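Student: My questions all concern the structure below.
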Amino acid sequence: MFDLLQPDKVKVGQRIKEIKESMNLSFTELGNRLGIKKPTISSYVQGYALAPESVINQLSSISGKPVGWFYFGDIEEYIADYLQLKGQNRIVQEHPEVVKEIKEEFYTGKFKNPAWENEVGYPCEEFMDDYFYELQQEVIKEEIQKMVRDQIKNLPIADELSKQKKDEAVTVITSGIIEYMDVAGEFNYEDKETMKKLVEEEVLKFDFFTNRIFDDRYLIGKLINILADPQQTSQFINQLSEKLTNKSFTGRFGGDELIETIQTLRPALIKLYKKASTDELEDWFEE
């Protein structure tokens with residue numbers, strides 16, 4: 001019935017005691033309702049023995065509490081205990097929203113599947129493993145972005161860099177580290193020291209004064225690259241104008257203002273590029 005995470009007899013006993021007291025029942029009275037003797041129910045409450053499934057089902061029926069609650073507490077406690085059992089203590093403590101998001105996905109996910117549920121009505125371990133992997137990548141990406149930003153602030157040349165240059169650097173350095181970790185299979189929030197070392201190395205060797213080339217497999221990266229250069233931006237506007245209006249764009253008589261205006265989109269595109277995952281980009285643009 002149980003997989004890696006096993007019920008704690010003492011905690012199960014404490015929850016049975018909580019129900020007993022909330023219903024103002026003695027051991028004898030509760031035993032009578034369950035059809036078991038006082039010493040037996042007492043052994044469950046004291047945590048000497050784990051109450052069998054039949055007893056838990058009866059307790060669930062008379063109390064209105066789900067079966068899973070008796071074995072593991074509320075669903076967030078269950079998810080947190082499982083993640084910590086898998087060695088994910090730091091991320092549970094520093095990012096409690098991860099536990100909440102797993103719970104929300106289990107209850108309201110777009111692709112909710114009965115197979116996600118185990119025998120006690122809680123998320124099965126396979127579901128938690130799969131969804132946690134996705135969430136951990138997002139958390140690691142945010143953490144690396146923060147580390148990179150902090151490292152850049154401490155550089156001797158920090159005051160010489162525009163906000164745009166800093167934002168570009170954060171995007172490029174973070175993307176490179178995430179790609180490396182993905183290929184190496186090293187997504188592990190617990191190993192923060194390795195992340196810090198990677199960030200320090202990448203920031204130190206980064207050339208802040210060279211125009212960056214973004215991955216142009218998808219339109220967003222191609223647009224960022226085009227808008228970095230006024231001439232390429234002018235050519236892009238011309239192609240767009242010819243496609244939509246059958247008129248060429250000359251750039252004369254105030255046309256530079258349109259070029260500059262279009263180029264102001266670049267920081268917003270970089271921000272979106274930084275936020276979007278490869279999976280999302282693949283969903284946006286199909287072959």
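Student: What pairs come out if I take residues in segment 71-90 that are on the phi > 0 side of the Ramachandran plot and in contact (Cβ under 8 Å) with a residue 40 or more places away in the chain and pair them with residues that are assigned to a helix (DSSP H, G or I) and surrounded by 20 or more Cβ atoms within 10 Å (Cβ to Cβ) whose C-beta lies under 9 Å away, six or more apart or interchain?
Tutor: If the second residue must be assigned to a helix (DSSP H, G or I) and surrounded by 20 or more Cβ atoms within 10 Å (Cβ to Cβ), the pairs left are GLY73/ARG15.
Student: Filter segment 156-166 for residues that are outside any loop (DSSP other than H, G, I, E, B), at pLDDT 85 or above and surrounded by 12 or more Cβ atoms within 10 Å (Cβ to Cβ) and give the result.
Tutor: ALA158, LYS166
Student: With the structure loaded, tell me whether GLY121 is open to solvent by 20 Å² or more (accessible area, probe 1.4 Å) and at pLDDT below 95 or whether it fails that test.
Tutor: Answer is yes for this residue.
Student: Can I ask one more? Specify which of the listed residues (THR233, THR250) is over 30 Å from GLN93 (Cβ atoms) and either open to solvent by 80 Å² or more (accessible area, probe 1.4 Å) or in a loop (DSSP other than H, G, I, E, B) (or both).
Tutor: Details: THR233 fails: either open to solvent by 80 Å² or more (accessible area, probe 1.4 Å) or in a loop (DSSP other than H, G, I, E, B) (or both).
When all the criteria are applied, what remains is THR250.
Student: Going through segment 62-82 one residue at a time, which ones are among the small types (Gly, Ala, Ser) and either under 30 Å from GLU94 (Cα atoms) or modelled with pLDDT of 95 or more (or both)?
Tutor: GLY68, GLY73, ALA80
Student: For residues that are open to solvent by 70 Å² or more (accessible area, probe 1.4 Å) and basic (Lys, Arg), tally how many sit in segment 86-104.
Tutor: 2
Student: Taking segment 58-85, which residues are exposed (fewer than 15 other Cβ atoms within 10 Å of the Cβ) and either under 24 Å from GLU142 (Cβ atoms) or acidic (Asp, Glu) (or both)?
Tutor: If the condition is that a residue be exposed (fewer than 15 other Cβ atoms within 10 Å of the Cβ) and either under 24 Å from GLU142 (Cβ atoms) or acidic (Asp, Glu) (or both), then ASP74, GLU76, GLU77 are the ones that fit.
Student: While we're looking at this one, here's another question. Within segment 253-276, how many residues turn out to be among the small types (Gly, Ala, Ser) and either in contact with a Lys or Arg (Cβ under 8 Å, 6 or more places away or on another chain) or assigned to a helix (DSSP H, G or I) (or both)?
Tutor: Of the residues in segment 253-276, the ones among the small types (Gly, Ala, Ser) are 254-255, 268, 276.
Then keep just the ones that are either in contact with a Lys or Arg (Cβ under 8 Å, 6 or more places away or on another chain) or assigned to a helix (DSSP H, G or I) (or both); that gives 255, 268.
Total satisfying the criteria: 2.
Student: It is to be established whether one or more residues within segment 29-48 are in a loop (DSSP other than H, G, I, E, B) and under 30 Å from LEU135 (Cα atoms).
Tutor: No, segment 29-48 contains no residue that is in a loop (DSSP other than H, G, I, E, B) and under 30 Å from LEU135 (Cα atoms).
Student: Return the total of residues in segment 277-287 being hydrophobic (A, V, I, L, M, F, W, C) and assigned to a loop (DSSP other than H, G, I, E, B).
Tutor: 1
Student: Same structure again: Of all residues in segment 192-224, count the ones that are under 22 Å from ASP182 (Cα atoms), open to solvent by less than 70 Å² (accessible area, probe 1.4 Å) and not aliphatic (A, V, I, L, M).
Tutor: The total comes to 9.
Student: So which of GLY68, GLY109, GLY31, GLY121 is at positive phi and either without any contact (Cβ under 8 Å) to a residue 60 or more places away in the chain or out of contact with any Ser or Thr (no Cβ under 6 Å at 6 or more places or on another chain) (or both)?
Tutor: GLY121
Student: Tell me, yes or no, whether segment 255-267 has at least one residue that is open to solvent by less than 60 Å² (accessible area, probe 1.4 Å), in contact (Cβ under 8 Å) with a residue 40 or more places away in the chain and closer than 30 Å to ASP130 by Cβ.
Tutor: no
Rundown of residues vs (1) in contact (Cβ under 8 Å) with a residue 40 or more places away in the chain; (2) farther than 19 Å from THR194 by Cα, yes/no style:
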| residue | (1), (2) |
| --- | --- |
| GLU125 | yes, yes |
| ASP130 | no, yes |
| GLU138 | yes, no |
| GLU142 | no, no |
| GLN145 | yes, no |
| ARG149 | no, no |
| LYS153 | no, yes |
| ILE157 | yes, yes |
| LEU161 | yes, yes |
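Student: Among the listed residues TYR107, TYR131, identify the single one that is open to solvent by 40 Å² or more (accessible area, probe 1.4 Å), within 12 Å of the chain's Cα centre (by Cα) and either over 16 Å from ASP3 (Cβ atoms) or hydroxyl-bearing (Ser, Thr, Tyr) (or both).
Tutor: Result of the check over TYR107, TYR131: TYR131.
Student: Also: Confirm whether ILE177 is of a type in the set (A, V, I, L, M) and out of contact with any Phe, Trp or Tyr (no Cβ under 8 Å at 6 or more places or on another chain).
Tutor: When the stated conditions are applied, ILE177 passes them.
The values are calculated or read from the model by the stated rules, or taken from the named source; none is laboratory data. Everything numeric here is computed off the predicted structure, so don't read it as measured data. Positions of Cβ are generated from backbone atoms using ideal geometry, with glycine treated the same way; all protein chains shown enter the neighbour counts. The protein model used for the area step is the full one, side chains on, heavy atoms only, and it has no ligands, DNA or RNA in it. Shrake-Rupley method; radii C 1.70, N 1.55, O 1.52, S 1.80 Å.
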